[in-house]
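As structure tokens, the structure follows; a few thoughts come after it.
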Amino acid sequence: MRPSGRSLDQLRAVSIETGVTCHAEGSCLIRIGRTHVLCTASVEDKPPPFLRNTGMGWVTAEYGMLPRATHTRGKREAAAGKQSGRTQEIQRLIGRSLRAVVDRQALGERQIVIDCDVIQADGGTRCAAITGGWVALRLATNQLLKKGVILSDPLLDHVAAVSCGIYAGQPVLDLDYDEDSAAGTDGNFVMTGARRLVEVQASAEGAPFSMADLSQLMALAEKGIADLVAAQKAALA
């Protein structure tokens with residue numbers, strides 16, 4: 001039995017509220033269980049220096065947690081003067097995941113920055129940031145299309161992410177903190193709407209896991225991604 005009472009292949013409750021800020025070109029608040037992440041997309045009219053005069057654009061991401069997003073207060077990274085390795089790794093993952101479904105030629109010489117700020121954390125924050133970040137990006141590119149700034153849609157597909165792991169000897173979908181902290185195997189799966197893999201991060205926290213275990217986790221992830229893509233579509237309808 002899972003601590004939450006969910007079935008092995010059941011996501012936590014998912015909601016995506018769009019247009020939650022008045023200044024960003026795209027924004028949403030994604031809630032997956034008790035994990036809440038604010039995602040905003042900001043359009044900049046010039047690309048990073050390494051893409052100047054190439055005709056290509058860029059999508060990148062920044063990620064952070066509010067001090068009391070977790071059980072105990074964490075210090076602001078700005079106060080330390082540098083980002084933690086964990087933060088840098090997560091925001092690179094978010095950027096890679098989103099760029100996987102972007103036609104950068106169609107985007108033109110501009111950059112879209114996706115800011116993902118964790119308001120409350122209960123496991124799966126990086127997955128929620130990717131899933132919500134895509135919605136914010138979709139809203140921003142919709143504005144560019146509507147204004148005629150770009151002529152063709154730069155988004156090739158949806159992208160979403162979900163965690164899966166082995167908890168109490170059973171493969172489970174969408175780990176919350178109670179499960180994540182005790183899981184024997186923990187993984188994050190990033191997939192497109194067409195169920196194409198973008199990235200898989202999986203590690204044994206205890207005993208090594210088998211290829212059969214990985215296949216079970218992949219099947220769970222595929223189901224979870226389908227449900228998350230449906231939630232993205234509903235939020236944008």
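From 77, 62, grab the single residue that is within 23 Å of residue 89 (Cβ to Cβ) and within 15 Å of the chain's Cα centre (by Cα).
Residue meeting the stated conditions: 62.
Quick one: residue 69 ticks every box in (1) of a type in the set (A, V, I, L, M, F, W, C); (2) in a loop (DSSP other than H, G, I, E, B); (3) in contact (Cβ under 8 Å) with a residue 24 or more places away in the chain; (4) under 30 Å from residue 147 (Cα atoms) bar one, so which box is it?
Against the list (1) of a type in the set (A, V, I, L, M, F, W, C); (2) in a loop (DSSP other than H, G, I, E, B); (3) in contact (Cβ under 8 Å) with a residue 24 or more places away in the chain; (4) under 30 Å from residue 147 (Cα atoms), residue 69 comes up short only on (4).
Assuming residue 87 fulfils every condition listed in (1) farther than 25 Å from residue 13 by Cβ; (2) in contact with a strand residue (DSSP E or B) (Cβ under 7 Å, 6 or more places away or on another chain); (3) at pLDDT 95 or above apart from one, which condition is it?
(3)
Can you list the strands (runs of 3 or more DSSP E) lying wholly within the stretch 112-225 that have 3 or more residues being under 27 Å from residue 41 (Cα atoms) and touching a helix residue (DSSP H, G or I) at 6+ places or on another chain (Cβ under 7 Å)?
Output list reads 159-167, 185-192.
Which of the numbered conditions does residue 7 fail, given that it passes all the others? Conditions: (1) outside any helix (DSSP H, G or I); (2) touching a residue at least 24 places away in the same chain (Cβ under 8 Å); (3) closer than 23 Å to residue 227 by Cβ.
(2) is the only condition that residue 7 fails.
Which of (1) free of Cβ contacts under 8 Å to residues at least 40 places away in the same chain; (2) of a type outside the set (Ser, Thr, Tyr); (3) in contact with a strand residue (DSSP E or B) (Cβ under 8 Å, 6 or more places away or on another chain) is the odd one out, the single condition residue 160 does not satisfy?
Result: residue 160 fails condition (1) only.
Mind checking which residues of the stretch 186-212 are over 20 Å from the mean Cα position of the chain (by Cα) and surrounded by 20 or more Cβ atoms within 10 Å (Cβ to Cβ)?
209
Checking residue 59 against (1) within 29 Å of residue 223 (Cα to Cα); (2) out of contact with any Lys or Arg (no Cβ under 7 Å at 6 or more places or on another chain), only one condition comes out false. Which one?
Of everything listed in (1) within 29 Å of residue 223 (Cα to Cα); (2) out of contact with any Lys or Arg (no Cβ under 7 Å at 6 or more places or on another chain), residue 59 misses just condition (2).
The values are calculated or read from the model by the stated rules, or taken from the named source; none is laboratory data. Just so it is clear, the structure is predicted and the values come from calculations on it, not from any experiment. Using ideal geometry, Cβ is built from the backbone for each residue, glycine included, and neighbour counts are taken over all protein chains shown.
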